[in-house]
1. Is it true that Gly53 is of a type outside the set (Ser, Thr, Tyr), part of a strand (DSSP E or B) and at positive phi?
2. One residue is enough: does region 96-116 have a residue meeting the conditions touching a residue at least 60 places away in the same chain (Cβ under 8 Å), among the hydrophobic types (A, V, I, L, M, F, W, C) and assigned to a strand (DSSP E or B)?
3. Taking only pairs six or more apart or across chains, which ones have beta-carbon atoms under 8 Å, a first residue in region 135-148 that is closer than 11 Å to Ala85 by Cβ, and a second residue that is of a type outside the set (D, E, K, R) and not in a strand (DSSP E or B)?
4. Would you tally the residues in region 120-134 being under 9 Å from the mean Cα position of the chain (by Cα) and in contact (Cβ under 8 Å) with a residue 40 or more places away in the chain?
5. Output the residues belonging to region 68-95 that are under 15 Å from Ala158 (Cβ atoms) and assigned to a strand (DSSP E or B).
6. Look at Ala85 and say whether it is surrounded by 13 or more Cβ atoms within 10 Å (Cβ to Cβ), in contact with a helix residue (DSSP H, G or I) (Cβ under 7 Å, 6 or more places away or on another chain) and either under 27 Å from Glu163 (Cβ atoms) or modelled with pLDDT of 95 or more (or both).
Amino acid sequence: MTGGATTRPLRVGGAALPSWLVAVGFAIALAPACKKGTPPPSLGEAVSVEQPGGAATELIERGSEIPTSATESFTTVRDGERRIAVHVVRGAGRSAQKLRDEGWWVVDGVSGGRAGQPRVLVTFEVDAQGALSVTAREGDRRLRVAKVGDADRTTLAAAPLAEPDEDDDASDDE
């Protein structure tokens, strides 16, 4: 379908336009593939997080148009805790152990305080290729987030989701 000038130029109204005719033919052939009705790429599996006790909470539904993201508020389990761990799994279901492990992310630099007091907003972003990235902030501070290797997972426990309060409703609209 592609190419330059033909060996026998076609004439339109007396003028030879072989390259133009090839381009028009190519555009006509491509038209069905460029229809607006083509569905956008979607997420093949839900993105969920493990909660203390092993329950899974779905954050992004399977079939969601990608790229997409979800933000959830997490908190600490113990007084003075300066980091939280988030276990991400792929799939939907009640038990995180029955879902596909995506990995653990550790958020460092949490303000500490009493257990359950810090509110760490963790954002889960899925790009157009389905790759997951995780970022976090507490108030107006960005926190350091690192994916943890297999050897370091043995000491981690999943951080709980924070209980919603009136302030969380206002931040959801941003």
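The values are calculated or read from the model by the stated rules, or taken from the named source; none is laboratory data. The structure presented is a predicted model; accordingly, all values stated were derived computationally and were not measured. Here the Cβ positions follow ideal geometry from the backbone for every residue, glycine too, while neighbour counts run over all protein chains shown.
1. Spelling it out, it is not the case that Gly53 is of a type outside the set (Ser, Thr, Tyr), part of a strand (DSSP E or B) and at positive phi.
2. No, because not a single residue in region 96-116 is touching a residue at least 60 places away in the same chain (Cβ under 8 Å), among the hydrophobic types (A, V, I, L, M, F, W, C) and assigned to a strand (DSSP E or B).
3. As it stands, the answer is Val148/Leu156, since those pairs meet every condition given.
4. 9
5. Glu72, Ser73, Phe74, Arg83, Ile84, Ala85, Val86, His87, Val88, Val89, Ser95
6. Spelling it out, it is not the case that Ala85 is surrounded by 13 or more Cβ atoms within 10 Å (Cβ to Cβ), in contact with a helix residue (DSSP H, G or I) (Cβ under 7 Å, 6 or more places away or on another chain) and either under 27 Å from Glu163 (Cβ atoms) or modelled with pLDDT of 95 or more (or both).
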